[in-house]
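Step one of this worksheet: look at the structure below.
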Amino acid sequence: MRHAVAVLCILGLVGIFGLAQDDEITVWQLPEGANPGAMDWNEVDGLFVSLQNPLGIGILEPATGILRTWNTGASPGEFVKIGDRLLTSHFFEGEISWLNTAAGTLSYFELPSSGARIARLVNADPTLNTITLCYLDWTSGNVGQFEPTSSGVVDVHGLSPRVDVLVAIQKSVTPTTVAVSAQYHPYDPNLPPATQFVPPTVTQPFTEWELFSPQEPSLAVACTSDGRIWVSCSAGEPLQALSPWNHEVLLYDLPGSPWVFSLAPGPDNEVCYLAQDTTGAYSVGVLEGQSGDVSRWLLPGASDPVNLRVIDGELWFADRELGAICRLTPWTSTLTRWVTGSEDGPLYIVAGDPGEYWITNERSAQIVRLRLP
C-alpha cells in the first residue's frame, strides 16, 4: 500500500466516475431487536456474529440458512475467534468471556478496575498462536492487554446452541463511484513524534496502561503486526502508539488536528483511520508508522462513517446515516458506495470468500452479503 499511496496522493484527482453495473446482495432477516454487530468469517464454519436476539454469538451457515446461537449470558460486544474459542467483550459487566464451542463451556474474566466498561476488543496476535487481545476500559481510561494461558474456572457447563433457520433473499444494488481529493503530508524531521513512558499495572492475565481520560474516552484501538497498540484521539490530541514491550508511547500529530474515532491496521504496519476535522468534514487517513508520512482522502457526502477495515489494501467502512457500504481504493483515489437505505444502519464489514463482503445492518436486523463480480 505504501508506494501506491505516496504516489497517488500527490495527484489529488477530483471528478465523478458515474454509475456502475448492479451488484448482488443477499439478505438474511433476523428477529426484531437482533441488533447484529461484530462479525468474523470462517470458510469452514460460516459467519460468526454477535446478537442481542437471540442473545449471544451466532454462526450462520450461508448455504443452509441455519443459524446456531451460543448464549454468552450477557450482551455480547466485539469478539475474537481463536480455534474453538470465542473471546467476547461484555460492556456493562466489565468482563471478557471465554466460550469453547466444542466443549460447551463458558468462563468469565473480570477486568481489574472497579466498574470497568470494556468498549473494544481486538486481536493482537495475527498468527493466532496465542491469546493476546487488546481492549479499552472507559471507566479507568486504560488500554489493556489480555493474555490468559487457560480458560480458568469454568462457570457454565453443557452449553448447546439454539438453532434457527433463516430465509435468504437476493437483491441487486447499484454502486456509485467518485474520484476523491487525495492529500499527502510527508514526515517533517524537525517535528519528530514526542515520546512518553507509561508504566503498566499488571493483574494477571491483564496488563493495563493509562492512556486516555475517562471524561473524553477513546473510541478505537488497533494492533499492527509489529506489536504496537494504537489508540484513537480527541480533536487536537495526538494519535498514540504504545510499544508494550518497553512501555514507550509515541505521540503522532495528525494534519488538521482531527477527531479520530476509528482505527484499522494496514498490511505494512500502517495505521489507517477515520476522522472528522474542525469543519465537520470526514476523511480517511493512512499514517505510515515507520516513516511518519500521512496520506488522506476527503469523503464527500459522508454522514456517519464507522468501523474502518482494511481488506486487500482497500479501506472499507459503513455509513450509518446514508445506509451505505463504502470502499476507498487508495491507488485510484476513488470512493465507491453501495446504498441500501438509511433505515438499515450498517455497522460492521468483514471479508468473506474472494469477492464477498459481509455486513451487519443493525437497525433493520439483517445480515447482508455483498458479492462483486
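A few remarks follow.
- Of the listed requirements (1) over 17 Å from the mean Cα position of the chain (by Cα); (2) within 19 Å of LEU370 (Cα to Cα); (3) surrounded by fewer than 24 Cβ atoms within 10 Å (Cβ to Cβ), LEU60 misses just one: (3).
- Looking only at segment 333-367, and only at residues there that are among the β-branched types (Val, Ile, Thr) and touching a Leu at 6+ places or on another chain (Cβ under 7 Å), the one that is nearest to VAL178 (Cα to Cα): VAL339
- Selection within segment 37-68 - of a type in the set (A, V, I, L, M, F, W, C), without any contact (Cβ under 8 Å) to a residue 60 or more places away in the chain and under 16 Å from THR88 (Cβ atoms): PHE48, LEU51, LEU55, ILE57
- Verdict on ALA302 being surrounded by fewer than 20 Cβ atoms within 10 Å (Cβ to Cβ), at negative phi and of a type in the set (A, V, I, L, M): no
- Considering residues of segment 69-97 that are touching a residue at least 40 places away in the same chain (Cβ under 8 Å) and touching a Pro at 6+ places or on another chain (Cβ under 7 Å) only, the residue surrounded by the most Cβ atoms within 10 Å (Cβ to Cβ): TRP70
- ALA302, sole failed condition from (1) closer than 21 Å to ALA179 by Cβ; (2) at pLDDT 95 or above; (3) out of contact with any Phe, Trp or Tyr (no Cβ under 6 Å at 6 or more places or on another chain): (3)
- When segment 148-197 is filtered for residues that are hydroxyl-bearing (Ser, Thr, Tyr) and over 30 Å from ASP125 (Cα atoms), the ones remaining, listed by number, are SER172, THR174, THR176, THR177, SER181, TYR184.
- Within segment 278-293, being more than 17 Å from TRP331 (Cβ to Cβ) and either surrounded by 19 or more Cβ atoms within 10 Å (Cβ to Cβ) or without any contact (Cβ under 8 Å) to a residue 24 or more places away in the chain (or both) holds for THR279, GLY280, ALA281, TYR282, SER283, LEU287, GLY289, GLN290.
- Segment 320-373, subset among the hydrophobic types (A, V, I, L, M, F, W, C) and either touching a Lys or Arg at 6+ places or on another chain (Cβ under 6 Å) or not in a strand (DSSP E or B) (or both), residue surrounded by the most Cβ atoms within 10 Å (Cβ to Cβ): ALA324
- Residue satisfying all of: in segment 226-251; small (Gly, Ala, Ser) and farther than 19 Å from ASP268 by Cβ; surrounded by the fewest Cβ atoms within 10 Å (Cβ to Cβ) among these: GLY236
- Residue in segment 102-111 that is touching a strand residue (DSSP E or B) at 6+ places or on another chain (Cβ under 7 Å), farther than 25 Å from PRO54 by Cα and buried (at least 20 other Cβ atoms within 10 Å of the Cβ) present: yes
- Spans of strands (runs of 3 or more DSSP E) in segment 119-223 with at least 1 residues in contact with a strand residue (DSSP E or B) (Cβ under 9 Å, 6 or more places away or on another chain) and surrounded by fewer than 17 Cβ atoms within 10 Å (Cβ to Cβ): 162-165, 168-173, 176-179, 182-185, 194-197, 201-203, 206-210
The values are calculated or read from the model by the stated rules, or taken from the named source; none is laboratory data. Computed from a prediction, not measured in an experiment: that's the story for all the values here. Reconstructed Cβ throughout: ideal geometry from the backbone, glycine too, with neighbour counts over all protein chains shown.
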